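Undergrad: Structure in structure tokens, see below.
The values are calculated or read from the model by the stated rules, or taken from the named source; none is laboratory data. What you see is a predicted model, and the numbers here were worked out from it, not measured in a lab. Because the Cβ atoms are built from the backbone with ideal geometry, glycine has one as well, and the counts that use them run over all protein chains shown. Surface areas here come from the heavy atoms of the whole protein model, side chains and all, with no ligands, DNA or RNA. Shrake-Rupley method; radii C 1.70, N 1.55, O 1.52, S 1.80 Å.
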Amino acid sequence: MKKIWLYSVRSYVSIGMFFYFKRIDVFGFENIPKDKPVLFLGNHQNALLDPLLIAIKCGRFSFFLTRAGVFKKPLVSKLLKSLQMLPVYRIRDGWNNITNNRAIFEACTGLFKNNEAVVIFPEGSHNLVRRVRPLSKGFTRIVFDTLEKYPELDIQLIPVGLNFMNTTSFPDSTTIYFGSPISSRAFVSENRNKDVVKLKKRIKDELSSLTTNIPEKNYNEILNRLNELQVDYLKPKAVNACIESNFVNCSETTKPSNKFLKLFFRNLLILNILVPFLLWKYVFKPKINELEFMATFRFAIAITLVPIYLLIVIVILSITISMLVGFYYFLIVLLIALLAVKL
């Protein structure tokens, strides 16, 4: 039953992502081992959409280490745990709760022993900045504690670069880069402190090549220059090369030639989902205090309120006119949504 539940949720989220993103391009999928313990390590810009994208595109039913704050309500906690999410406590959650992480880390060790996959965002929090922030050492503790207990395990570390054209816009586009697998055993020596430093540096370097990595110094100035050049943030290696060349070797994104059609179909889509759109714009959106959550809440509305609203409209049309009219309306709205998002 658990597999059926996970397959169902993943399929539904995949459909939602298809209609939410203009493009989702995946690179390096062949790098993901199918029969070994895997630790996915991703950069973290776009709140809940980051783990959802990895979940539907990595090809494995992974376990996700998630900040403990979202597990406070019993019903929500039960739902998240059914989706293989494990709570991780931070200092802001209270010093008394930090010790709870020991049980979670031991659970990860057990998962690796069973050749399962775990996802961690080692930056420790999400942020819209287009750079890889300093990594916490929590993931290194899990790796080295596991290898200390089971030295024969070959935990494969997979860096994951998540790239977005514009996280606060709709529709957005994204590219996911799965890096080459790194054997964790290669970092084990007699000096654990040095091992931790070496592993953190290696993962940070890998992530910095898989996503746009604007230096912290003069960040805003460099970002503004990149935006003026209209670089393609879905191609991080090209953008990073542009930065390193002091904006000499830079290429622009392809400018769309169908702006009128896009605007027409998006307005037509809004008319067909008017109630959820108004709720989003005037009720939910004003309450979002962190821009990092903008896409998460928009996507949540798109896969909950929008289908419910359309189902109600279809039922009304089917009862008042005919089921055939309701069915045709459903097909027409799907077509409008596709054109509005994909053009």
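Undergrad: Relative to the Cα centre, what is the charge dipole magnitude of the chain, using +1 at the beta carbon of each Lys and Arg, -1 at the beta carbon of each Asp and Glu, and rounding to the nearest 20 debye?
TA: Dipole of the chain, to the nearest 20 debye: 540 debye.
Undergrad: What GluC sites (Glu not before Pro) does the stretch 38-132 have in DSSP loop regions with at most 13 other beta carbons within 10 Å?
TA: none
Undergrad: Could you pull out the GluC sites (Glu not before Pro) across the stretch 209-305 that fall in loop regions by DSSP (anything but H, G, I, E, B) with no more than 12 other Cβ atoms inside 10 Å?
TA: 216, 290
Undergrad: Any chance you could run the full-extension gain for residue 342 through residue 324? It's 0.36 nm times the residue separation minus the Cα-Cα distance, nm to one decimal.
TA: Net length gain for the segment: 3.8 nm.
Undergrad: Separate question: Which value in deg cm²/dmol, rounded to the nearest 500, describes the helix-derived mean residue ellipticity at 222 nm for the chain, given -39,500 (n - 2.57) per DSSP H run of n ≥ 4 and division by the residue count?
TA: Using -39500 (n - 2.57) per qualifying helix, the result is -15500 deg cm²/dmol.
Undergrad: Counting pairwise Cα distances across the chain, what percent come out greater than 24 angstrom?
TA: More than 24 Å apart: 61 percent of the Cα pairs in the chain.
Undergrad: Still on this structure: When the solvent-accessible surface of protein heavy atoms is calculated with a 1.4 angstrom probe, in what order do 165, 1, 294 fall, highest first?
TA: 1, 165, 294
Undergrad: Now for a separate question. Take the Cα coordinates of the stretch 170-210, assign each an equal point scatterer, and use the Debye formula without solvent to give log10 I(q)/I(0) at q = 0.15 Å⁻¹.
TA: -0.48
Undergrad: Give the list, by residue number, of cysteines in the chain with no other Cys Cβ closer than 4.7 Å, or say none.
TA: That list is 58, 108.
Undergrad: Normalized C-alpha radius of gyration of the stretch 1-136, against 2.2 N^0.38 Å?
TA: 1.08
Undergrad: As an exercise, identify the trypsin sites (Lys or Arg not before Pro) in the stretch 60-169 lying in DSSP coil whose Cβ has no more than 12 other Cβ atoms within 10 Å.
TA: Those satisfying the criteria are 72.
Undergrad: Then there's this: Using the charge dipole of the stretch 232-343 (Lys, Arg: +1 at Cβ; Asp, Glu: -1 at Cβ; taken about the Cα centre), state which of 279, 336, 303 has its Cα farthest towards the positive end.
TA: 336
Undergrad: Considering the zone a paramagnetic label at residue 36 would reach in this model (a point 7 Å from Cα along the Cα-to-Cβ line), which residues of the stretch 175-205 have amide N under 14 Å from it?
TA: 179-187
Undergrad: May I pose another question? Scale the Cα Rg of the stretch 161-240 by the rule-of-thumb value 2.2 N^0.38 Å and send over the ratio, two decimals.
TA: 1.38
Undergrad: May I ask you to rank 174, 66 by accessible area, largest first, using a 1.4 Å probe over the protein chains only?
TA: So the residues, ranked largest to smallest area, are 66, 174.
Undergrad: Then there's this: For residue 27 and residue 73 in the same chain, what is the full-extension length gain: residue separation times 0.36 nm, less their Cα-Cα distance, in nm?
TA: Full extension from residue 27 to residue 73 adds 12.9 nm.
Undergrad: In addition: Report, by chain and number, residues whose modeled amide H sits under 5 Å from the one on residue 85, excluding near sequence neighbours (fewer than 5 apart, same chain).
TA: Residues meeting the criterion, in which the H sits 1.01 Å from N, are 64.
Undergrad: Continuing with the same structure: Just how much of residue 308 is accessible, in Å², when a 1.4 Å probe is used and the result is rounded to the nearest 10?
TA: Taking all protein chains as shown, residue 308 has close to 100 Å².
Undergrad: A further question follows. Which percent of the accessible heavy-atom area of the stretch 190-343 goes to carbon and sulfur, probe 1.4 angstrom?
TA: 64 percent
Undergrad: More than 19 angstrom separation, counting every C-alpha pair in the stretch 104-177; what % is that?
TA: Summing the P(r) of the stretch 104-177 above 19 Å gives 47 percent of all pairs.
Undergrad: At 0.36 nm per residue, and after removing the present C-alpha to C-alpha distance, how many nm does the segment from residue 254 to residue 304 gain when stretched out fully?
TA: Gain in length upon complete extension: 14.7 nm.
Undergrad: Per 5 Å bin, what percent of the C-alpha pairs of the stretch 263-343 does each bin hold, from zero upward?
TA: Going out from 0 Å in 5 Å bins, the stretch 263-343 shows 3, 14, 20, 23, 19, 11, 6, 3, 1 percent.
Undergrad: Would you work out if the stretch 66-222 is rounded, prolate or oblate? Take a ≥ b ≥ c from the square roots of the eigenvalues of the alpha-carbon gyration tensor; rounded if a/c is under 1.5, else prolate when a/b is larger than b/c, oblate otherwise.
TA: oblate
Undergrad: While we're on this one: If you average 1/r across every pair of different Cα atoms in the stretch 1-65 and take the reciprocal, what Kirkwood value do you get, in Å?
TA: 13.1 Å
Undergrad: Sticking with this one: Suppose R0 equals 35 Å; then what is the FRET efficiency for residue 166 and residue 82 from their Cβ-Cβ distance, rounded to the nearest 0.05?
TA: 0.60
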